[in-house]
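Down below is the structure, laid out as structure tokens.
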Amino acid sequence: MTSAAERPLLFLDVDGPLIPFGTSPGHPRTAAPAPAGQGNPLLARLDPGVGARLLALGCDLVWATTWLERAKVVAPRIGLPRLPVADWPDTDAAAGPDPRGLHWKTRGLVARADGRPFIWVDDEIGPMDRLWVTAQHPGPSLLHRVDPARGLTPPDFSTLTTWLDALRATTSPGRSLP
């Protein structure tokens, strides 16, 4: 297990949280569209200001997306540095079958967190994921489901900040999180 003094992890999905599937009044997307034949046209839906807000949370950011290494094209469009990518190992038969409703990312993210506090931002988090993380992860966690039609919004950031503030307040002075 890693030291509790490390910064919390923030596992970040791309489709839904960063690339919304709908439009949201008051939450304009202004990233330049990818030129024809030069990338995913959905990149135009990225909010170029969201990276600064994510960095301000004070977490170690990790891509938790099927984009894998292709997420590197997202990072500079939203003001993020190159981020590590969560690996998605093959299903481990020894671990047993997943409970019905458990997201396929859940086991891998809990393993990657290794007891460290973490936030998981995704549009596909469900009740079984919450139950499983509570039972299997010894550290604090926040599984935050984002509305995929809107993507990350100011209220989402308020929720993340409130949780992080509470986490930092409960950390003893000798082991404070940065």
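When you look at Ala32, is it among the hydrophobic types (A, V, I, L, M, F, W, C), modelled with pLDDT of 95 or more and surrounded by fewer than 20 Cβ atoms within 10 Å (Cβ to Cβ), yes or no? No: the conditions fail for Ala32. Identify, please: which residue in segment 125-169 is of a type in the set (Gly, Ala, Ser) and either open to solvent by less than 40 Å² (accessible area, probe 1.4 Å) or not in a loop (DSSP other than H, G, I, E, B) (or both) and is, among those, nearest to Val14 (Cα to Cα)? My answer is Gly151. Evaluate segment 55-72: report whether one residue or more is part of a helix (DSSP H, G or I), farther than 30 Å from Ala111 by Cβ, modelled with pLDDT under 95 and open to solvent by 80 Å² or more (accessible area, probe 1.4 Å). No, because not a single residue in segment 55-72 is part of a helix (DSSP H, G or I), farther than 30 Å from Ala111 by Cβ, modelled with pLDDT under 95 and open to solvent by 80 Å² or more (accessible area, probe 1.4 Å). Among the residues here, Trp120 does not qualify as aromatic (Phe, Trp, Tyr) and either out of contact with any strand residue (DSSP E or B) (no Cβ under 6 Å at 6 or more places or on another chain) or modelled with pLDDT under 95 (or both).
The values are calculated or read from the model by the stated rules, or taken from the named source; none is laboratory data. These numbers were taken from a predicted model, which means no experiment stands behind them. Glycine gets a Cβ as well: all are built from the backbone with ideal geometry, and neighbour counts include every protein chain shown. Surface accessibility is based on the protein's heavy atoms, side chains included, excluding ligands, DNA and RNA. Shrake-Rupley method; radii C 1.70, N 1.55, O 1.52, S 1.80 Å.
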